Amino acid sequence: MMWNGSSLAPGMRIDIIFDTICPWCFLGKRRLEQTLTSRPNVIADINWHAFLLNPDMPPDGLDREDYLIAKFGNRSRADRVCGAIAEAGQTVGIEFQFDRITRIPSSIDSHRLVQFANRRGLGSEAAEALYQAYFLEGQDTSSRLALYDIAETLGFDSNEVREYFYSDADVREIRDQNSRAHRLGISGVPAFIIDGQFSVSGAQEPTVLGRLIDIAEERARELSAVDALPAMSD
């Protein structure tokens, strides 16, 4: 899969397609961090791209109980799924607090905050802050007030953030990113694309992500070796 993103930063480009209300994306983020920690020589240039699990979600979200019943058919099945996610989360230090969540939010504005932060080199920090606010504290991350508070913790100027959200900046970009992911055949998240060529979907174990990074590194070395060959002359 080719991903035609561009970057001015050095190192290995890692594009992450995600949703801010996706628990598996939170897991995937932590597992990627574990992978990169085990490879200190890899300089990762991480870029975040929106995927909308619920593209038609009302701006103020939906009651969580109603949403779960509609999605899973009954509360018992929903509880089993959440239990499995919570168990997986403990392996990477995430203590999911699903019982604190009362609404399933629209993720448009929270994605906008990540885009705002990404352009300032803090996309990963914004994603982490949003995941913690939603999955650990039960905050409604479709609330502008909640997003302003998160932006403040990231050190952003409050007036600049409010001006950004009062505009329609990046709204179309978020939907375009979601459409592009679907055109590339991505139907579930998280998805990771390494150096625009190597991709994998799902909250993969660090060993799987590590193998993908190793393949990308080897490919980069091969290309560098070819580029270093003297030009052939007649």
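The values are calculated or read from the model by the stated rules, or taken from the named source; none is laboratory data. All values derive from a computational prediction rather than experimental measurement. Positions of Cβ are generated from backbone atoms using ideal geometry, with glycine treated the same way; all protein chains shown enter the neighbour counts. Side chains included, ligands, DNA and RNA excluded: accessible areas come from the protein's heavy atoms. Shrake-Rupley method; radii C 1.70, N 1.55, O 1.52, S 1.80 Å.
Residue count for the stretch 192-217 satisfying the condition of being assigned to a helix (DSSP H, G or I) and open to solvent by 50 Å² or more (accessible area, probe 1.4 Å): 5.
Would you call L62 closer than 25 Å to R172 by Cα, of a type outside the set (S, T, Y), surrounded by fewer than 19 Cβ atoms within 10 Å (Cβ to Cβ) and at pLDDT 95 or above? Yes; evaluated as a whole, the condition is true for this residue.
Of all the listed residues (I94, I69), the sole one being modelled with pLDDT of 95 or more and on the phi < 0 side of the Ramachandran plot is I94. Hey, could you check the stretch 113-143 for residues that are free of Cβ contacts under 8 Å to residues at least 24 places away in the same chain and in a helix (DSSP H, G or I) and say which is nearest to A88 (Cα to Cα)? Result: Q132. On the stretch given as the stretch 32-43, residues that are within 28 Å of L184 (Cα to Cα) and either open to solvent by less than 20 Å² (accessible area, probe 1.4 Å) or modelled with pLDDT under 95 (or both) total 4.
The set of residues in the stretch 100-119 that are among the charged types (D, E, K, R), modelled with pLDDT of 95 or more and either surrounded by fewer than 17 Cβ atoms within 10 Å (Cβ to Cβ) or in contact with a Leu (Cβ under 8 Å, 6 or more places away or on another chain) (or both) comprises R100, R103, D109. Tell me, yes or no, whether the stretch 10-27 has at least one residue that is in a helix (DSSP H, G or I) and open to solvent by 30 Å² or more (accessible area, probe 1.4 Å). Scanning the stretch 10-27 turns up at least one residue that is in a helix (DSSP H, G or I) and open to solvent by 30 Å² or more (accessible area, probe 1.4 Å).
A Cβ distance below 6 Å, combined with a sequence gap of six or more or placement on separate chains, defines the contacts here; from the stretch 89-112, residues that are closer than 20 Å to L53 by Cα reach residues that are among the acidic types (D, E) and at pLDDT 95 or above in the pairs R103/D140; P105/D140; S107/D19; R112/D170. Selection of the stretch 155-187 for residues being part of a loop (DSSP other than H, G, I, E, B), within 19 Å of S107 (Cα to Cα) and free of Cβ contacts under 8 Å to residues at least 60 places away in the same chain yields S167, D168, A169, D170, S187. Of all the criteria given as (1) surrounded by fewer than 13 Cβ atoms within 10 Å (Cβ to Cβ); (2) farther than 30 Å from D149 by Cα, the one not satisfied by E95 is (2).
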